[in-house]
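Student: Mind having a look at this structure? Questions to follow.
The values are calculated or read from the model by the stated rules, or taken from the named source; none is laboratory data. Please read all numbers here as calculations on a predicted model, not as lab measurements. Cβ sites come from the backbone with ideal geometry, for glycine too, and all protein chains shown count toward neighbours.
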Amino acid sequence: MDYHALADLLFADITQTPEDIAAKYPPRQLKEGAKVTRIAPSPTGFMHLGNLFGAIADERLAHQSGGIFYLRIEDTDQKREVEGGVETILKVFSDYELPFDEGAVLDGDNGLYGPYRQRQRAKIYQTYAKWLVQQGKAYPCFCTEADLAAIREKQAELKENFGYYGKYAVHRDMPFDEVKAKIDAGEPFVLRFRSEGSLERRVKFNDLVKGTMEFPENDQDVVLLKSDGIPTYHFAHVIDDHLMGTTHVVRGEEWLATLPIHLQLFAAMGWKPPKYIHTAQLMKMDGGSKRKLSKRKDPELALDFYKEQGYCVAAVKEYILTLLNSNFEDWRLANPDAPLESFNFTTKKMGVSGALFDIDKLGDVSKNVISRMTADEVYDLLTEWAKQYDPDFYAILARDPAYSKAILAIGRGGKKPRKDIMIWSQAKDYMSFFFDELFVPDFSFSQDGLSPELTRRALEEYPALYDPADDNSAWFEKVKGLAASLGCATDMREYKKNPEAYPGSVTDVSTVLREAITGRRNSPDLCEIMKLLGRERVMKRLAAARATLG
Ligand code: GLU
C-alpha cells in the first residue's frame, strides 16, 4: 500500500506539515518547575462543581509554581454546544476569581498557543492525521452504523469483547483502489488509529495522585477524526496538550478508562505525555450510603445553584480546598485570616478515592468566612446578590446604606464574631425586623417564661425606663431593675438553683422585650438593636405588643 498516496487522497487540501505546525508552538520559556495547566470545558452551558474542583487545583498548581493556567474550549461536539456556552464558562471563572493567563476570550483568543477553540484547530488535527496515514498508523473506515451494529451482534453471540479491533477492524487493510472508489463516490468515513496494542500486554503509568497503575494496552482502532474531519477527545487532547505545552493534566477519573489510548497516541506521535492527576469523583451521602453527585438528582451539582442561593465565592472556594487538600482545614485553623494563595497546595495531599461533598459543611465554612468579613464587605456582596435575585430587598438595603451597614456590623469584629449569615438569600430573614415593611410581629409570648400578667406589666413598665443614650451595661441594669420590680430573679445562678422560688428571671423579661421588638425569641444584642431601630420604633412596637394582651 502506498500510504503517501492514501494520505493525499484523504487530505488533498492539507499542505502544511507537522514541522510547520511545531514551528508555531515553540517550547515555553518558563522557570524550572513551572507548571502549565489548563481547563478544557465543553460549552454546554452547564457548569458544575467538578469544573470548579479541577480548575482550583489547576490554578493553584500553575500560579504557585510561576507557571501558566489557560482555558481551552472543547467544542468538538456541536450537538452539545449551546449559544452563550463560552460566555458562561468565562463568567464562572471570573466570578470565582480564577484568572487565566491565556486562552479563549469572548471574541477570540489571548495568547500565543491558540487558537484555543478546538473547532478552529481542525486543520492542525488533520495535518497530524495525514502524517499518521503516511506512516500507515491511521486509515479510513467507511463502516456505517448498521455495519458497526452487525459487528457488535456477532461479538455478543461469540461472547467476545466489543469494539473495532483485530479481525473486526474490517477496513484496516482496504486496498487503495477500493478506498479511492468510495471517496470518489462521496462516501463518508472516519479516520481510525491502527492499534498495535494487545490486551495481553500491560502499560504502567504513574498518576500523581493515584500512584502507579497498570492497565491492559489498548487494542481498539479508535476514531481519531469523525466524518466531519473534527477530532475525538482522544486525538485532540494529545495534540493540544502537546502543542500548548501542558505539563500537568488535571481531569476527572472517568478518563482513566481511556488513558491507555492516550498513552498509545502520545507514543505514536513521538511525544512525551504530560503528568496526569485524575481527580476523585464528587460523592454525597444519600440515605446512609455514598453515591456520585448526579446532574438529574442533585441541584447542588450545578454552579448556578450557589449563585442563586447566594453562597459567597470565597466560601465555596475555601470549602473546595478542604476537599482537595486534606491538610487545608488545619492550615485554615492556624491561619484564620491568611489569603488562600498563601496555602501550599500540593498533589500529595489530594484524595485517592471519592471526595465527599457535604453541603452542611459548606454552610459552616460559609458562616465562618462571612463572619470574618467587614460590614462593608458584607454589604457590597449582599447588595450585589440582591440586585440580581431579590430586587425588592435590594431597594430596601440600598435606601439607607449606612443603616444597612450598621445592622450588618452587629456582633462583627472581635475574637468571636457572630455567625448569623450563611448565604445571602437568608440575610433578608435575619435582617427583616430592622425594616418596618419586612417586620413580622409575633407576640405569642406563649412559650415558657413569664405569666401573661407579668408579660403585660413588663411591656407597660419598660418604656418609662428606656433611654437610648444608655450604654450596654446601663441598659442591662434597667432590664434587671424591671425584673426585680416584677419579683423575678436578677441573678441567673441563683435562679437556676431554685427556679420554683421566682415567677421568672431577668432572661425571661428580656425575652419578652426581644419578642415585642424583633418578633423572635433569639436575636443579636437587643440593646444594639434598639439603638439602631430608634426610640420611636421601639416604643411603637412595645405598645403594639402590649395592645395584643388586652
Ligand atoms: N472536555 C473534557 C471534559 O469536559 C476535558 C477533560 C480534560 O480536562 O482533559 O471532561
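Student: Just a yes or no: is a residue in segment 443-460 on the phi > 0 side of the Ramachandran plot, in a loop (DSSP other than H, G, I, E, B) and either modelled with pLDDT of 95 or more or touching a helix residue (DSSP H, G or I) at 6+ places or on another chain (Cβ under 8 Å) (or both)?
Tutor: Yes - at least one qualifying residue is present in segment 443-460.
Student: Further, regarding this structure: Considering (1) in contact with a helix residue (DSSP H, G or I) (Cβ under 8 Å, 6 or more places away or on another chain); (2) part of a strand (DSSP E or B), say which one E318 fails and leave the rest.
Tutor: E318 satisfies every listed condition except (2).
Student: A follow-up question, please. Check V82 against each of (1) within 16 Å of the ligand (Cβ to nearest atom); (2) not in a loop (DSSP other than H, G, I, E, B) and name the one condition it does not meet.
Tutor: (2)
Student: If you scan segment 379-404, which residues turn out to be assigned to a helix (DSSP H, G or I) and either under 17 Å from F433 (Cβ atoms) or in contact with a Cys (Cβ under 9 Å, 6 or more places away or on another chain) (or both)? Show your work before the answer.
Tutor: At the first step, the residues of segment 379-404 found to be assigned to a helix (DSSP H, G or I) are 379-389, 391-399, 401-404.
Of everything in segment 379-404, those that are assigned to a helix (DSSP H, G or I) and either under 17 Å from F433 (Cβ atoms) or in contact with a Cys (Cβ under 9 Å, 6 or more places away or on another chain) (or both) turn out to be L381, L382, W385, D392, F393, I396, L397, R399, Y403, S404.
Student: Quick one: would you say D221 is within 27 Å of K349 (Cα to Cα), acidic (D, E) and either away from the ligand (no atom under 16 Å from the Cβ) or buried (at least 20 other Cβ atoms within 10 Å of the Cβ) (or both)? Steps first, answer last, please.
Tutor: Working: within 27 Å of K349 (Cα to Cα): no; acidic (D, E): yes; either away from the ligand (no atom under 16 Å from the Cβ) or buried (at least 20 other Cβ atoms within 10 Å of the Cβ) (or both): yes.
Judged against the criteria, D221 is not a match.
Student: State yes or no: is K272 closer than 25 Å to G67 by Cβ, surrounded by fewer than 19 Cβ atoms within 10 Å (Cβ to Cβ), charged (D, E, K, R) and more than 14 Å from the ligand (Cβ to nearest atom)? Break it down stepwise before answering.
Tutor: Details: closer than 25 Å to G67 by Cβ: yes; surrounded by fewer than 19 Cβ atoms within 10 Å (Cβ to Cβ): yes; charged (D, E, K, R): yes; more than 14 Å from the ligand (Cβ to nearest atom): yes.
Yes, satisfied.
Residue by residue, here is whether (1) within 16 Å of the ligand (Cβ to nearest atom); (2) in contact (Cβ under 8 Å) with a residue 24 or more places away in the chain; (3) assigned to a loop (DSSP other than H, G, I, E, B) holds:
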residue	(1), (2), (3)
E19	no, no, no
F46	yes, yes, yes
A55	yes, yes, no
G66	no, yes, yes
T88	yes, yes, no
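Student: Still on this structure: Among the listed residues V479, V440, which satisfies the condition of being of a type in the set (V, I, T) and buried (at least 18 other Cβ atoms within 10 Å of the Cβ)?
Tutor: After applying the criteria, what remains is V479.
Student: Hey, among the residues in segment 231-250 that are of a type in the set (A, V, I, L, M, F, W, C) and in contact (Cβ under 8 Å) with a residue 60 or more places away in the chain, which one's farthest from the ligand (Cβ to nearest atom)?
Tutor: L243
Student: Right, next: What pairs come out if I take residues in segment 253-271 that are under 27 Å from S353 (Cβ atoms) and pair them with residues that are within 14 Å of the ligand (Cβ to nearest atom) and part of a helix (DSSP H, G or I) whose C-beta lies under 7 Å away, six or more apart or interchain?
Tutor: Final answer for the pair search is T258/H234; I261/H234; H262/H234; H262/H237; H262/V238; F266/V238.
Student: Still on this model: Out of the residues in segment 68-79 that are within 14 Å of the ligand (Cβ to nearest atom) and hydrophobic (A, V, I, L, M, F, W, C), state the one that is farthest from T232 (Cα to Cα).
Tutor: This residue is F69.
Student: Also, quick follow-up: Quick check on segment 23-44: of everything there that is in a loop (DSSP other than H, G, I, E, B) and within 13 Å of the ligand (Cβ to nearest atom), which residue is farthest from M244 (Cα to Cα)? Don't jump to the end; show me each part of the working.
Tutor: Step one: list which residues in segment 23-44 are in a loop (DSSP other than H, G, I, E, B), which gives 25-35, 40-44.
Remaining after also requiring within 13 Å of the ligand (Cβ to nearest atom): 40-44.
On the way: A40: 12, P41: 16, S42: 18, P43: 20, T44: 23 Å.
The qualifying residue farthest from M244 (Cα to Cα) is T44.
Student: OK, next. Looking only at segment 322-368, count how many residues are in a helix (DSSP H, G or I) and either in contact (Cβ under 8 Å) with a residue 24 or more places away in the chain or surrounded by 14 or more Cβ atoms within 10 Å (Cβ to Cβ) (or both).
Tutor: First, pick out the residues of segment 322-368 that are in a helix (DSSP H, G or I): 322-324, 328-334, 340-342, 347-349, 359-368.
Within this subset, residues satisfying the condition of being either in contact (Cβ under 8 Å) with a residue 24 or more places away in the chain or surrounded by 14 or more Cβ atoms within 10 Å (Cβ to Cβ) (or both) are 322-324, 328-329, 331-332, 340-341, 347, 349, 359, 361-368.
Result for segment 322-368: 20.
Student: Go through (1) modelled with pLDDT under 95; (2) surrounded by fewer than 16 Cβ atoms within 10 Å (Cβ to Cβ) one by one and return the number of the condition G45 breaks.
Tutor: Among (1) modelled with pLDDT under 95; (2) surrounded by fewer than 16 Cβ atoms within 10 Å (Cβ to Cβ), G45 violates only (2).
Student: When you scan segment 92-194 for helices (runs of 4 or more DSSP H) that lie fully inside it, which ones turn up with 3 or more residues that are buried (at least 21 other Cβ atoms within 10 Å of the Cβ) and among the hydrophobic types (A, V, I, L, M, F, W, C)?
Tutor: Of the helices (runs of 4 or more DSSP H) lying wholly inside segment 92-194, those with at least 3 residues that are buried (at least 21 other Cβ atoms within 10 Å of the Cβ) and among the hydrophobic types (A, V, I, L, M, F, W, C) span 122-134.
Student: For segment 408-434, which positions are assigned to a helix (DSSP H, G or I), out of contact with any Leu (no Cβ under 6 Å at 6 or more places or on another chain) and closer than 29 Å to L542 by Cβ?
Tutor: Restricting attention to segment 408-434, the residues satisfying the condition of being assigned to a helix (DSSP H, G or I) are 408-409, 424-434.
The next check asks that each one be out of contact with any Leu (no Cβ under 6 Å at 6 or more places or on another chain); those that pass are 408-409, 425-426, 428-431, 433-434.
Within segment 408-434, L408, A409, Q426, K428, D429, Y430, M431, F433, F434 qualify.
Student: Which members of segment 254-263 meet the condition of being within 11 Å of the ligand (Cβ to nearest atom) and under 23 Å from the mean Cα position of the chain (by Cα)?
Tutor: Within segment 254-263, E254, W255 meet the criteria.
Student: Taking the conditions exactly as written (in contact with a Ser or Thr (Cβ under 9 Å, 6 or more places away or on another chain) and surrounded by 14 or more Cβ atoms within 10 Å (Cβ to Cβ)), does R521 satisfy them or not? Spell out the reasoning first.
Tutor: Working: in contact with a Ser or Thr (Cβ under 9 Å, 6 or more places away or on another chain): yes; surrounded by 14 or more Cβ atoms within 10 Å (Cβ to Cβ): yes.
When the stated conditions are applied, R521 passes them.
Student: Within segment 384-429, work out how many residues are at pLDDT below 95 and either among the hydroxyl-bearing types (S, T, Y) or on the phi > 0 side of the Ramachandran plot (or both).
Tutor: 3
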